[in-house]
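The values are calculated or read from the model by the stated rules, or taken from the named source; none is laboratory data. This one's a predicted model, so the numbers in the text were calculated from it and none came from an experiment. Here the Cβ positions follow ideal geometry from the backbone for every residue, glycine too, while neighbour counts run over all protein chains shown.
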């Protein structure tokens, strides 16, 4: 089977998925804001936030934006799974809800 020459970087997110991704990108920017060597990544995530805030139904990401977002989502899912095992009842409940949201985004939207 032949590989497709061009990949589709157009996504349709509902209102809740947009909110989740915007909050995720904002938290990444807060973590990277202290160090100047992450200025390119900060610009990328600001661009993602701007695109998600637009009222258009379809969001078009660049290849760089998509790969960075998927990479950070995967890393965050791995980290949350580890924290889920170590945490107590209340934290486990919070982590579990966030983890299911991130996993559903990965499976439904970014599963390539």
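All conditions in (1) in a helix (DSSP H, G or I); (2) touching a helix residue (DSSP H, G or I) at 6+ places or on another chain (Cβ under 8 Å); (3) at pLDDT below 90 hold for residue 7, with the sole exception of (1).
Residue-wise test of (1) within 19 Å of residue 110 (Cα to Cα); (2) at pLDDT 90 or above; (3) not in a helix (DSSP H, G or I).
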site	(1), (2), (3)
21	yes, yes, no
28	yes, yes, no
34	no, no, yes
42	no, yes, no
46	no, yes, no
55	no, no, yes
59	yes, yes, yes
65	yes, yes, no
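Being touching a helix residue (DSSP H, G or I) at 6+ places or on another chain (Cβ under 8 Å), part of a helix (DSSP H, G or I), modelled with pLDDT of 90 or more and surrounded by 15 or more Cβ atoms within 10 Å (Cβ to Cβ) narrows it down to one residue among 69, 84; which is it?
Step by step, each of 69, 84 is checked, and only 69 is touching a helix residue (DSSP H, G or I) at 6+ places or on another chain (Cβ under 8 Å), part of a helix (DSSP H, G or I), modelled with pLDDT of 90 or more and surrounded by 15 or more Cβ atoms within 10 Å (Cβ to Cβ).
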